[in-house]
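The values are calculated or read from the model by the stated rules, or taken from the named source; none is laboratory data. Remember, it's a predicted structure, so these values are computed and weren't measured experimentally. Cβ placement follows ideal geometry from the backbone for every residue including glycine, while neighbour counts extend to all protein chains displayed.
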Amino acid sequence: MSILHEMDGGEIALSIDIDQGARISSLNFRGIECVVPFRGEVLTWGWYAMGPWAGRIRDGLVRDAKGNSYQLPTNFTPPHAIHGFTLTGSWQEIDAGDTVGAIVVEGLARYGFADLKGKNLFGVLKRAARDIVTATGGTMLS
């Protein structure tokens with residue numbers, strides 16, 4: 001079962017699914033739903049942060065300037081790595097209110113990134129919503 005954090009700014013309401021990558025699962029503006037609902041596939045619903053990379057990495061393989069290779073998880077579109085792995089992780093609320101929320105994800109070293117932490121800051125105003133995603137750390141482990 002998903003954990004939702006809901007914020008209401010009057011004309012705009014926002015729901016964040018904390019257990020599904022802290023994705024925006026609902027954005028309702030003046031009674032109109034603006035987010036695609038869950039349709040059975042992880043990549044095709046809601047709005048989610050893509051981290052620690054966005055897009056597709058061929059064969060999930062990254063090489064640094066020294067020629068070292070790093071294998072990224074390829075569980076969505078094998079053999080490629082797509083949109084990172086934070087989009088399915090369970091995040092943790094660190095600050096929650098009626099109109100703002102901050103959510104973090106840690107413990108990503110198992111994917112080859114030392115000390116990687118993501119933070120997703122959400123906010124709603126009377127007629128606007130804001131989503132700011134930041135990442136710190138993330139040195140590749142060899």
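At a glance:
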{"quantity": "Condition broken by Glu106, with the remaining ones in (1) touching a Leu at 6+ places or on another chain (Cβ under 9 Å); (2) modelled with pLDDT of 85 or more satisfied", "calculated": "(2)"}
{"quantity": "Filter result (over 18 Å from Ala49 (Cα atoms) and not in a loop (DSSP other than H, G, I, E, B)) within the stretch 8-22", "calculated": "Asp8, Ile12, Ala13"}
{"quantity": "Residue selected from the stretch 30-81 under the condition in a strand (DSSP E or B) and in contact (Cβ under 8 Å) with a residue 40 or more places away in the chain, by the criterion surrounded by the fewest Cβ atoms within 10 Å (Cβ to Cβ)", "calculated": "Gln71"}
